[in-house]
Each structure stands twice: as structure tokens, then as C-alpha cells.
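Everything below concerns the one structure shown next.
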Amino acid sequence: MDDVDSEVAQWRFSASNAVVNAPSTSIRSALHAVMANLDENDERPVALLGFGDPSVFPSFRTTPVAEDAIVSALRSAKFNCYAPAAGIPTARCAIAEYLSGDLPYKLSPDDVFLTSGCTQAIEIVVSVLSQPGANILLPRPGFSLYEEQCASSGLDGRHFNLVPDREWEIDLDMVEALADDNTVAMVVINPCNPCGNVLSYQHLSKVAETAKKLGIMLIADEVYDHLTFGKNPFVRMGAFGQTVPVLTLGSLSKRWLVPGWRLGWIAATDPNGILKNTKIIKCIERRLSMSTVSATFVQGAVPEILKNTKDDFFKKTIETLRKLADLCYTKLQEIDCIECPHKPEGSMFVMVKLDISYLDDIQDDFEFCCKLVKEESVVILPGVAVGMKNWLRITFAIESSTLDDALDRLKSFCKRHQKQTI
């Protein structure tokens, strides 16, 4: 029998250039590369200060209300079917009511679209906005999934700075300088992953006015909604929906501590109907009809989860995060080569600056993290994965004793690698 290859003049398929050439410095790929350096002979437990999933720790278990709602939905046998592309009506209604509690107007169920986690929400929104020549404004530091989705969708991502000396506020002058006639949207992550800051009402108002001036929509990533424990309360970007159209992205993942349940949403917080008139809503509906949906039984549990979760559960989570943030910030002050410009007040993270000049035989943040995990079994995310070279993103949403020990190991590592002339 002849070789099969000899029968084919040329294979006519190849991989997508957009996907092949997409950024490879994602959070997952960076953590995978860092963890490849773990010393298997180190008997100490690995301290995971690089991940955004606290649900693996006993102090961050979800409420029994949520667990019981899932069990009830499963046992009802009402949610074994396919769900509508935009989500089941009862879940959309419950989320609309939940979001409306923080807004000066009421959302309808038709304003809400369920997704498989906030990850799919980002994917849907980016794909809807993608067209030749268009660009979108992204925060730096930020969440790398936006860059990845933009690259694979052919949407140009342009980066504006978050200013550490101003509690990580958005550099609005830079936003205006970056925007042009092809700019379609701006992403605002609040509370912020990776910085741990919470934007004030006054600053969000300025953001809305800037977006209106530029004629662009806002994409409000609020997956860490209400996880705040500092001076600024959480304010939804949609509160300024009368000024500028806002697509709000959210999920159960962080506030209810269930990222594995993959229940997210896109909400049109746009009382003036601009997103409908420009057919953005129609595009979201069509895009969802071509995509997967979150598990129907999880959708079926949403009304009970949102209605019956007690404030005590939320308060406990906030108090736990506050204590851990205090511990993290205090111990970081003891490390000479690390500068923490702003005490975290929201989400589960803090960004710290790494002063390489203090260190011997370490060239940058990535090498720092690789050597740290090898020598101390402490996993930290290099800042390059979120757009900030020679910075580090530290997760403090772990067990208190583990955090305390991990920061001691970090301090020992830095002392061991400190230049003798310092």
C-alpha cells in the first residue's frame, strides 16, 4: 500500500495564526511555569500565594444555603434539560433583582445573560466588539484573559495605567490620549484583580464622564463585587448607566466562593437603551446561541442562593479577608526588597514592587518566583503575567497560619539573596 502522504499534494489546513500568536504570558501559563520548579524533596507544604481560588481552604467554604440549593435543584428533576441560550428565566430574573439592589434603576430579566463563569462573559463581550481596525482600552496591571481574548479575536488591546501612588486609580489622561475614532470600549475592574484596590464613587463618576466624552462603552468587571474591607464601599459602574452604557460582568464565583460552579453573567446596565439601539444586545444573544451554557441545575439553584444567603455569611468572609490583608500588609513591610504602595482594601490580592537592585543573581520577577518556589515552596505570581514587570501579585485569601508561614519563608528567601553591599 502506498504511503498516504504521497497521495496528498498539500495539506490545506493549518492552525489559526491569531491563536498561535496570542500572548503566552497568561496567569495559568505563568503559574504552570513557576510551579515546574518545585523541589519534590521539600517536605514542607506548598504555600499557594499565586492563585485566585480560596475555596480549597477550610476558612473559605461556601454557605450551606448555596449547597442546599444545588442539591434541591438536582433532586427536583426540573433542571436536567438544556437551558435557553441566555439562561433560564427564573435565574435571569433573580440576578436582575440582585444587581438592581445596587443601582438607581431597575433591571429586567431581559437585561441579563447567563454565562459559564465570568471567563465566558469576557469571551462573549470581546467577540461581540471585534471588527476590523477596532481597539479596546485595557488596564495595566490587569487580568490577562482580556489580552488573550483580544488577540485571538483580532481586537487591538491598548493599555492605560493604574497609578500605584494614587491608590491604583485609572490614569484618565492616558485613557484620553490612547483613544481614537476606532476605540469601542474600556475595561474597568473593580474591586481590582490584581491590585486589591476599590475605586471611589467620585473616581468612577470621572471614568463615566471620560467614556461619554470619548463615545465608548464601559465593560465593568465586577466579579469581586462587595468583597471590600477598606474606606471605599463597593459602587457598581452601572450606577452611572444614565451617563454611559455599561456591560456589567459578574459571577457567583468569588462572593459565594464557588468558582468551580461556573455561573456568570453579562448585564446591560444601560437605562437609555443605547446598547440595544446599536445592536450590541442582539449580537450578545446571537453569540450565546452559538456557544455553551452554564449547567442548568446550577442556574436552577440561583434564585434560592441569591434570596436566602444570610448577611452573616458575607460578613464572615469580609472579616476573614480584612484580617488576612492586615497580616499580609504588615509582614510585607518587613522585607527590604519589596514595596507595597497600597494596603489592599478589596478582592483577594495585593500588588507589590520588587526592587531587583537589592538582590544578587536574580534578574527579574519571573526568575524571582521560580527560585522562590524551588527554595521555599512558596508560589507567587510574577507581575509580568498581569502586565507589570518586576512586580508581584500576592494572594492573601488562604489560611492565616499558612499565610504567616509563607511570608516568613519569603522574607528568608529575600535575605538569603540580598546583595552583601546593601
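The values are calculated or read from the model by the stated rules, or taken from the named source; none is laboratory data. Computed from a prediction, not measured in an experiment: that's the story for all the values here. For neighbour counting, all protein chains shown are included, and Cβ atoms are generated from backbone atoms with ideal geometry for every residue, glycine included. These area figures cover heavy atoms from the full protein model, side chains too; ligands, DNA and RNA do not enter into them. Shrake-Rupley method; radii C 1.70, N 1.55, O 1.52, S 1.80 Å.
Quick notes
- Segment 201-214: number of residues that are buried (at least 16 other Cβ atoms within 10 Å of the Cβ) and of a type in the set (Gly, Ala, Ser): 2
- Total residues in segment 171-220 satisfying the condition of being among the charged types (D, E, K, R), under 18 Å from SER130 (Cα atoms) and in contact (Cβ under 8 Å) with a residue 24 or more places away in the chain: the figure is 1.
- On inspection, VAL298 qualifies as among the aliphatic types (A, V, I, L, M) and touching a Phe, Trp or Tyr at 6+ places or on another chain (Cβ under 6 Å).
- A count restricted to segment 56-65 and to residues that are among the hydrophobic types (A, V, I, L, M, F, W, C), open to solvent by 20 Å² or more (accessible area, probe 1.4 Å) and not in a loop (DSSP other than H, G, I, E, B) stands at 2.
- When the criteria are applied in full, THR296 fails the requirement of being in contact with a helix residue (DSSP H, G or I) (Cβ under 8 Å, 6 or more places away or on another chain), of a type in the set (S, T, N, Q) and on the phi < 0 side of the Ramachandran plot.
- When GLN333 is tested against (1) closer than 17 Å to PHE51 by Cα; (2) open to solvent by 60 Å² or more (accessible area, probe 1.4 Å); (3) without any contact (Cβ under 8 Å) to a residue 40 or more places away in the chain, only condition (1) is not met.
- Unique match (being at pLDDT below 85, open to solvent by less than 50 Å² (accessible area, probe 1.4 Å), in a loop (DSSP other than H, G, I, E, B) and more than 30 Å from VAL298 (Cα to Cα)) among ALA18, ALA22: ALA22
- Here PHE240 fulfils each of the conditions (1) in contact with a Phe, Trp or Tyr (Cβ under 7 Å, 6 or more places away or on another chain); (2) free of Cβ contacts under 8 Å to residues at least 40 places away in the same chain apart from (1).
- Of note, ASP68 satisfies the criterion of being open to solvent by 60 Å² or more (accessible area, probe 1.4 Å), over 25 Å from VAL246 (Cβ atoms) and either of a type outside the set (Lys, Arg) or assigned to a helix (DSSP H, G or I) (or both).
- Checking each residue in segment 25-39 for being over 17 Å from LYS374 (Cα atoms) and among the aliphatic types (A, V, I, L, M) picks out only ILE27.
- When restricted to residues that are in contact with a Ser or Thr (Cβ under 8 Å, 6 or more places away or on another chain) and not aliphatic (A, V, I, L, M), segment 300-316 contains 6.
- Screening segment 84-193 for strands (runs of 3 or more DSSP E) wholly inside it with 2 or more residues that are closer than 18 Å to VAL207 by Cβ and open to solvent by less than 10 Å² (accessible area, probe 1.4 Å) returns the ranges 135-140, 183-189.
- Of all residues in segment 260-280, exactly one satisfies the criterion of being touching a strand residue (DSSP E or B) at 6+ places or on another chain (Cβ under 6 Å) and in a helix (DSSP H, G or I), namely LEU275.
- All positions within segment 227-242 that are under 20 Å from LYS316 (Cα atoms) and touching a strand residue (DSSP E or B) at 6+ places or on another chain (Cβ under 9 Å): LEU227, THR228, PHE229, GLY230, ASN232, PHE234
- Restricting attention to segment 366-422 and to residues that are open to solvent by less than 10 Å² (accessible area, probe 1.4 Å) and among the hydroxyl-bearing types (Ser, Thr, Tyr), the residue that is nearest to VAL34 (Cα to Cα) turns out to be SER377.
- Picking from residues in segment 290-304 that are touching a residue at least 12 places away in the same chain (Cβ under 8 Å) and not in a helix (DSSP H, G or I), the one that is surrounded by the most Cβ atoms within 10 Å (Cβ to Cβ) is SER294.
- Here is the figure for segment 35-53: residues that are in contact with a strand residue (DSSP E or B) (Cβ under 7 Å, 6 or more places away or on another chain) and exposed (fewer than 10 other Cβ atoms within 10 Å of the Cβ) total 0.
- Failed condition for LEU275, given (1) open to solvent by less than 40 Å² (accessible area, probe 1.4 Å); (2) within 30 Å of MET388 (Cα to Cα); (3) without any contact (Cβ under 8 Å) to a residue 60 or more places away in the chain: (2)
- Residue within segment 233-247 that is part of a loop (DSSP other than H, G, I, E, B), of a type in the set (Lys, Arg) and open to solvent by 20 Å² or more (accessible area, probe 1.4 Å) present: no
- Exclusive hit being open to solvent by 30 Å² or more (accessible area, probe 1.4 Å), under 24 Å from the mean Cα position of the chain (by Cα) and without any contact (Cβ under 8 Å) to a residue 24 or more places away in the chain, set LYS343, LYS315, LYS323, LYS353: LYS315
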